[in-house]
Amino acid sequence: MSSPIRLPYFDVLLKLLDQGDPALEQAFGRHVHWGYWPEPRQAKRTPEDFARAAEALSRLVYQAAGVGDGMRVLDAGCGFGGTVASLNNGCSNVHLVGLNIDPRQLDRAHQRITPRTGNTLAWIQADACVLPFKDASFDAVLAVECIFHFPSRAGFFKEAWRVLKPGGRLALSDFVPVSGLLPIIRLTESWSATLGFYGHCDVHCTLADYHRLAAATGFMVSHARDITAGTLPTYAFLRTLARQMKIPNPSAVPETLLLEWTSRLSVLRYRVLGFEKPAQGGCD
Ligand SMILES: C[S@@+](CC[C@H](N)C(=O)[O-])C[C@H]1O[C@@H](n2cnc3c(N)ncnc32)[C@H](O)[C@@H]1O
């Protein structure tokens, strides 16, 4: 079994959720990712509004994978199972697998999410780069805002390709830099990985790198949407939330500000990407 990695922000989140904070429960008790507002100007800084926006972001990712009734879907890096819960509510006769390296998150998901009649759910502890599934066992693989934590994007792409059926799709969301931002990212990353709030994050993969990765693995790029503008209200909400609770890690504020300003300056883009395994041929 893979050794669980501990991400500092999840340690804080799990502790605060255990203390029963209702605002945090509503905002991050289900989805642990940024929100998406189709009309960002109408965003309100409330936990209810944020939860709606987080649900909307998940939906964009699984729509990019074309998920529908009757499918077998793997959600890699599933967090507390928010995307699995959303698919369980909206789809019929689906087999949904939430996979995470951190068993504490899987326990929470398992306790809170019950399969609807006709659906089956499984929670698996594993590393997304070493998937414990047979070849061609899923119609869709998802990775919502988590690929930057994985040990290797190339390793994950290879595994996603292997476990997808021909014609199946991988969809993910990620913070994608323009190449001019890479020197600044390199300057900050060793500090972030050791002292940071978000833990190990590899945000080096540009859109051109994603195209190369897809080609090298055998995927066709089927979807590439820039939703940065629709995610920006996340930052105002996080500031409101942080004022209400004590975050013990002093890096949380500067790291989040760096994400916010690089996004506002359009050098870090929030993208939803989709990749299709051709029905015939491709790499093995
Ligand atoms: C920002 S959270 C996103 C969680 C979830 N996808 C969501 O959107 O709510 C990142 C997730 O990636 C998971 N993770 C990190 N490294 C992983 C790995 N190597 N294999 C599987 N999951 C991993 C973390 O435990 C965490 O649940």
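Among the residues of the range 237-284, how many are loosely packed, with under 15 Cβ neighbours inside 10 Å, charged (D, E, K, R) and closer than 30 Å to Phe138 by Cα? Summing the residues that are loosely packed, with under 15 Cβ neighbours inside 10 Å, charged (D, E, K, R) and closer than 30 Å to Phe138 by Cα in the range 237-284 gives 1.
Restricting the range 59-97 to residues that are within 9 Å of the ligand (Cβ to nearest atom) and assigned to a loop (DSSP other than H, G, I, E, B), the residue that is farthest from Val221 (Cα to Cα) is Phe80. Taking the range 4-50 as the range and being near the ligand (Cβ under 10 Å from one of its atoms), more than 13 Å from Arg108 (Cβ to Cβ) and not aliphatic (A, V, I, L, M) as the test, the residues that pass are Pro4, Arg6, Tyr9, His33, Trp34. When the test is whether a residue is among the charged types (D, E, K, R), in contact (Cβ under 8 Å) with a residue 24 or more places away in the chain and assigned to a helix (DSSP H, G or I), Glu159 passes it. The one condition from (1) polar (S, T, N, Q); (2) more than 10 Å from the ligand (Cβ to nearest atom); (3) under 28 Å from Tyr9 (Cα atoms) that Asn100 does not meet is (2). Against the definition (among the small types (Gly, Ala, Ser) and near the ligand (Cβ under 10 Å from one of its atoms)), how does Ala56 come out, yes or no? No.
Inspect all residues belonging to the range 109-119 and state whether any of them is in contact with an Asp or Glu (Cβ under 9 Å, 6 or more places away or on another chain) and either part of a helix (DSSP H, G or I) or closer than 19 Å to Glu159 by Cα (or both). Scanning the range 109-119 turns up no residue that is in contact with an Asp or Glu (Cβ under 9 Å, 6 or more places away or on another chain) and either part of a helix (DSSP H, G or I) or closer than 19 Å to Glu159 by Cα (or both).
Looking at this structure, is Arg186 surrounded by fewer than 16 Cβ atoms within 10 Å (Cβ to Cβ) and of a type in the set (Lys, Arg)? Here the answer is yes, as Arg186 does meet what is asked. Just one of (1) surrounded by fewer than 17 Cβ atoms within 10 Å (Cβ to Cβ); (2) in contact with a helix residue (DSSP H, G or I) (Cβ under 6 Å, 6 or more places away or on another chain); (3) among the small types (Gly, Ala, Ser) fails for Ser86. It is (1).
Each reported figure results from applying straightforward, stated rules to the coordinates on display, with no laboratory input. Because the structure is a prediction, the values reported are computed rather than measured. Glycine also receives a Cβ, built like all others from the backbone with ideal geometry; neighbour counts cover every protein chain displayed.
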